[in-house]
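So the structure is just underneath, and the comments pick up after that.
The values are calculated or read from the model by the stated rules, or taken from the named source; none is laboratory data. Because the structure is a prediction, the values reported are computed rather than measured. Positions of Cβ are generated from backbone atoms using ideal geometry, with glycine treated the same way; all protein chains shown enter the neighbour counts. For the accessible areas, the whole protein counts, side chains as well, though only heavy atoms, and no ligand, DNA or RNA atoms are used. Shrake-Rupley method; radii C 1.70, N 1.55, O 1.52, S 1.80 Å.
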Amino acid sequence: DTKNCYDPATGRFTPNIAGYYSIDWYIITSANGTGELLVTLNKNGTDIAWSTNVVNSNAHWNGIGGSAGMIYLNGTTDYITIKLTNNSGSVATVYSGSLSYFSAYLIR
């Protein structure tokens, strides 16, 4: 984060340069739950892309990944967040190690 655009307190990525951004994410959860997990990419609080995975309590880890092509962000007020929701079943814990990630970079 060379431009200090990510705020870990809010989970928001707010770029300070207007343009089209490529956004990628991957969430790993532990196998302590079952059900359907939904990960959504939000722009200014509105869902614009999503991925789902049925959690298998027999698996070691469960992964949910996604990528959004080009998203225009105005460089001042537009922001991106990633939200994880458990739609059904028991709770699964997000693995916070290096296997879960979020990346965003300016395309043009």
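Listed by first and then second residue, the pairs with beta-carbon distance under 7 Å, at least 6 apart or on different chains, first residue in segment 10-25 and farther than 21 Å from Tyr101 by Cβ, second among the aromatic types (Phe, Trp, Tyr) and part of a loop (DSSP other than H, G, I, E, B), form an empty list. Taking the criterion of being modelled with pLDDT of 70 or more and either in contact with a Phe, Trp or Tyr (Cβ under 8 Å, 6 or more places away or on another chain) or under 18 Å from Ala104 (Cα atoms) (or both), the residues of segment 31-40 that qualify are Leu38, Val39, Thr40. All told, Ile28 falls short of being β-branched (Val, Ile, Thr), under 13 Å from Phe13 (Cα atoms) and modelled with pLDDT of 70 or more.
Every residue, every condition in (1) open to solvent by less than 40 Å² (accessible area, probe 1.4 Å); (2) at pLDDT 95 or above; (3) assigned to a strand (DSSP E or B), yes or no:
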site: Asn42; (1), (2), (3): yes, no, yes
site: Val54; (1), (2), (3): no, no, yes
site: Ala59; (1), (2), (3): yes, no, no
site: Gly69; (1), (2), (3): no, no, yes
site: Tyr72; (1), (2), (3): no, yes, yes
site: Asp78; (1), (2), (3): yes, yes, no
site: Lys83; (1), (2), (3): no, no, yes
